[in-house]
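Report on the following structure.
The values are calculated or read from the model by the stated rules, or taken from the named source; none is laboratory data. If you're wondering where the values come from, they're calculated on a predicted model, not measured in any experiment. Using ideal geometry, Cβ is built from the backbone for each residue, glycine included, and neighbour counts are taken over all protein chains shown.
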Amino acid sequence: MYSFIVNPNSRSGQGREIWNHLRSIMESQGISYQYYLTEYVGHATEFARKISASGTPDEPATLVTVGGDGTIYEVLTGIEDLDNVIFGFIPTGSGNDFCRSMGLPRNPEEALRIILNKRRIVSMDVPKIQLGSHAYRFGISAGMGYDAAICQEVLITPGKKFLNRLHLGKLTYLMVALKQFLFLTPFTVTVQTDTEGEQIFPKTWFATAMNQKYEGGGFKFCPDARPDDGLLDVIVLSGISRLKMLFCLPSALWGGHTKIKGVHILKCRDVHITSDYPLPVHKDGESGGIQREFSVSIEKKPLKIIMPVL
């Protein structure tokens with residue numbers, strides 16, 4: 001039995017149309033499945049909790065997320081025991097950083113075919129971010145500063161849905177990124193890791209813990225990051241002028257920014273990040289509110305995920 005958690009509002013409502021097409025494919029093949037449509041923020045977490053409770057380590061439930069990158073953290077957060085599920089992902093969002101990093105197909109129909117075949121299962125690290133008294137799992141990245149400020153503003157930008165319908169959703173990010181670039185004030189951040197101790201970075205633009213190579217719709221911020229090495233890659237961009245940032249960010253599309261002075265990448269299992277004043281925080285591109293500090297660590301158990309055959 002396949003259990004699908006579907007975000008029908010992903011890709012500005014196209015998620016529902018895509019899901020209806022995928023359903024017709026499964027019904028034509030006589031596939032046994034159940035599905036849950038999300039209706040509000042946090043709904044996917046509730047569904048994931050219910051589905052994962054039906055699985056066991058010997059007979060794990062096959063839990064498939066149909067949505068964007070932002071839906072992933074809700075689903076991962078809801079899984080009670082990572083041993084109890086096999087995870088599949090069908091992208092219907094606009095960023096596709098999870099697919100880009102993991103080597104998953106971006107075409108929903110092809111992604112469904114791979115999930116139904118289920119011939120290759122691999123293990124993926126699952127990080128957890130602690131925000132005050134609340135903890136959330138994520139699949140891609142979590143951080144504070146410039147990238148989080150962009151994520152938070154994009155979420156409330158009125159024209160996003162319209163541009164997505166025209167397949168121009170990236171313009172929203174570009175406009176917001178330019179605005180934040182012009183007006184964001186750098187901050188001082190203290191980064192405490194289990195590998196390198198405490199380090200202080202003045203004039204920081206962002207500090208992000210990453211499980212994957214990409215975030216932000218294709219920026220290869222941590223080129224050496226691997227989701228199966230038991231480590232986080234933490235990138236801190238500090239001591240760089242606004243003008244230098246103008247050249248640094250585009251080079252991150254292919255990973256060339258790592259050679260620029262002021263780009264710091266740390267490897268660790270646990271990290272605690274504190275800024276000198278409250279800032280926007282994101283988790284897989286979704287808002288984590290305005291925070292002064294957060295911690296990220298790798299869960300002891302990995303997640304089993306369905307991958308294409310090599």
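Of note:
- Count - residues of region 42-68 that are within 19 Å of the chain's Cα centre (by Cα) and touching a residue at least 60 places away in the same chain (Cβ under 8 Å): 6
- Lone unmet requirement of (1) surrounded by 14 or more Cβ atoms within 10 Å (Cβ to Cβ); (2) over 27 Å from F89 (Cα atoms) for G255: (2)
- Hey, R106 farther than 29 Å from T185 by Cα, among the basic types (K, R), under 14 Å from the mean Cα position of the chain (by Cα) and not assigned by TED's automatic domain parsing to the domain that holds T188 or not: no
- Residue within region 132-139 that is at pLDDT below 75, in a loop (DSSP other than H, G, I, E, B) and surrounded by fewer than 18 Cβ atoms within 10 Å (Cβ to Cβ) present: no
- The set of residues in region 88-107 that are touching an Asp or Glu at 6+ places or on another chain (Cβ under 6 Å) and not in a helix (DSSP H, G or I) comprises G93, G95.
- Of all residues in region 228-246, those satisfying the criterion of being out of contact with any Leu (no Cβ under 7 Å at 6 or more places or on another chain) and either closer than 24 Å to Q212 by Cβ or buried (at least 22 other Cβ atoms within 10 Å of the Cβ) (or both) are D228, D229, G230, L231, L232, D233, I235, V236, L237, S238, I240, M245.
- Top-ranked residue of region 189-223 - restricted to ones that are without any contact (Cβ under 8 Å) to a residue 60 or more places away in the chain, assigned to a strand (DSSP E or B) and of a type in the set (A, V, I, L, M, F, W, C), ranked as farthest from C99 (Cα to Cα): I200
- Strands (runs of 3 or more DSSP E) wholly inside region 229-310 that include at least 1 residues being within 25 Å of T188 (Cβ to Cβ), under 17 Å from the mean Cα position of the chain (by Cα) and acidic (D, E): 232-238
- Test: residue in region 236-255 that is at pLDDT 95 or above, in contact with a Lys or Arg (Cβ under 9 Å, 6 or more places away or on another chain) and of a type in the set (V, I, T): no
- If you filter region 242-296 down to residues that are of a type in the set (S, T, N, Q) and in contact with a Pro (Cβ under 9 Å, 6 or more places away or on another chain), you find that the one that is farthest from G197 (Cα to Cα) is S287.
- Unmet requirement for T71, which otherwise passes all of (1) in the same structural domain as W19 (by TED's automatic domain parsing); (2) touching a residue at least 40 places away in the same chain (Cβ under 8 Å); (3) more than 18 Å from V41 (Cα to Cα): (3)
- Residue that is within 22 Å of Y33 (Cβ to Cβ) and either in contact with a Phe, Trp or Tyr (Cβ under 7 Å, 6 or more places away or on another chain) or at pLDDT below 95 (or both), where the choices are G143, G93: G93
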